[in-house]
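Visitor: The structure under discussion is supplied below as structure tokens; questions concerning it will follow.
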Amino acid sequence: MKVFGVVLALLALGSWLFDIGPVESPERAMGACRQQWIEQLKPDFSSSTPVNVRDGQYIQACMNARGHRIISGPECASDASQVSAPECYERLFLWRRS
């Protein structure tokens with residue numbers, strides 16, 4: 001029984017150190033962040049509503065809180081892509097967080 005407890009503790013420590021376990025996909029995180037963004041900042045949002053720097057910053061902060069960071073590159077530099085393109089984000093792992 002003691003060995004089982006040690007193994008369980010090691011698994012828990014490993015999952016914390018190496019971010020093992022269920023990983024939220026960028027698509028799922030983006031969906032949740034966009035829903036929160038619309039509810040908080042753009043309640044009258046439609047597909048033709050322009051986005052601005054503040055909107056991009058809001059989504060980036062939400063994605064970062066969910067363990068994703070923006071990928072640098074020209075295709076992900078616009079506010080619109082930061083707000084709507086999950087492919088512009090990558091998963092952060094504990095040892096890579098800055």
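All of the numbers you see were taken from the coordinates with simple rules; none came from a lab. All values reported here derive from a predicted model rather than from experimental measurement.
Visitor: Starting from the amide H of Tyr89, placed 1.01 Å from N in the peptide plane, find each other amide H under 5 Å away whose residue is 5 or more places distant or on another chain.
Guide: Ile71
Visitor: What is the Cα coordinate range of region 21-96 on the first, second and third principal axes, sorted by size from largest, in whole angstrom?
Guide: Taking the Cα atoms of region 21-96, the three principal extents are 38, 26, 16 Å.
Visitor: Taking amide H positions as placed 1.01 Å from N in the peptide plane, with prolines and chain starts having none, which residues 5 or more places from His68, or on another chain, fall under 5 Å of its amide H?
Guide: Result for His68 returns Leu92.
Visitor: Which length gain, in nm to one decimal place, applies between Asn64 and Gln40 when the Cα-Cα distance is subtracted from 0.36 nm times their residue separation? Present the calculation step by step, with values, prior to reporting the outcome.
Guide: Values: separation 24, 0.36 × 24 = 8.64 nm, distance 1.74 nm.
Length difference between fully extended and current span is 6.9 nm.
Visitor: Per residue of region 43-49, in order, report the coupling 6.51 cos²θ - 1.76 cosθ + 1.60 (Karplus, θ = phi - 60°) as ³J(HN,Hα) in whole Hz, putting x for Gly and Pro.
Guide: Result, ordered by residue: x, 9, 5, 9, 5, 9, 5 Hz.
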